[in-house]
Amino acid sequence: MLDDFGSVEKYHPMVESSPLAGDKRSGEGARRTCHFHRGGSIDEKIPAYDSGVGYEVTITDPGTFPLKNAAADIRVAPVGRDRSTVGFTMRFEPKYGPIGWLMGHTLMKSQFRKILGRVIDGVEEHVRTGRIMGPATSGQAGDAAEAVA
């Protein structure tokens, strides 16, 4: 499921759509644009890919988000016959120099942590039920995105 790079809206409650930019559905070099339910978009690509294990996603255009750059590592590890764990690690550098650094270490870091928690919950819910996540399931994550945007 995580390999379907152009369908992040299936499990990310803040993403309305994520069309691919090009013919690659996944793997190194795949690109997409994530359009958010509450407006705005970001462009992302996969610069590093390890089949069956995970990949790195970098934000190539943060849109209106106050970021110079950002990257996330997504890893999947089996923990049984029918179970896996999903882990997200995010690194980012905010815009706006010292003020951005302060925002990054106070507001943004905690907001990204909440958002990634909602994404992991969305992955679990989608795998368990097949339900597509959306703004009704985003709860605090939508509010967090607005605070960061």
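Observations, loosely collected:
- Against the list (1) open to solvent by 70 Å² or more (accessible area, probe 1.4 Å); (2) touching a residue at least 12 places away in the same chain (Cβ under 8 Å), the condition THR106 fails is (2).
- Selection of the range 56-71 for residues being touching a residue at least 24 places away in the same chain (Cβ under 8 Å) and either under 17 Å from ASP121 (Cα atoms) or open to solvent by 40 Å² or more (accessible area, probe 1.4 Å) (or both) yields THR60, THR64, LYS68, ASN69.
- Those residues of the range 21-38 which are in a strand (DSSP E or B) and either among the acidic types (Asp, Glu) or over 11 Å from GLY6 (Cβ atoms) (or both), in sequence order: HIS35, PHE36
- LEU20 meets all of the listed conditions (1) among the hydrophobic types (A, V, I, L, M, F, W, C); (2) open to solvent by less than 50 Å² (accessible area, probe 1.4 Å); (3) without any contact (Cβ under 8 Å) to a residue 60 or more places away in the chain but one, namely (2).
- Of the strands (runs of 3 or more DSSP E) entirely within the range 39-126, those holding at least 3 residues that are under 17 Å from ASP4 (Cα atoms) and of a type outside the set (Gly, Ala, Ser) occupy 41-50, 54-61, 67-80.
- With respect to the conditions (1) in contact with a strand residue (DSSP E or B) (Cβ under 8 Å, 6 or more places away or on another chain); (2) open to solvent by 50 Å² or more (accessible area, probe 1.4 Å); (3) in contact (Cβ under 8 Å) with a residue 12 or more places away in the chain, PRO78 lacks only one, and its number is (3).
The values are calculated or read from the model by the stated rules, or taken from the named source; none is laboratory data. Quick caveat, the model's predicted, so the values are computed rather than measured. Methodologically, a virtual Cβ is constructed for each residue, glycine included, from the backbone with ideal geometry; neighbour enumeration extends over all protein chains shown. Ligands, DNA and RNA are stripped out before the accessible areas are found, and what is left, the full protein with its side chains, is counted by its heavy atoms. Shrake-Rupley method; radii C 1.70, N 1.55, O 1.52, S 1.80 Å.
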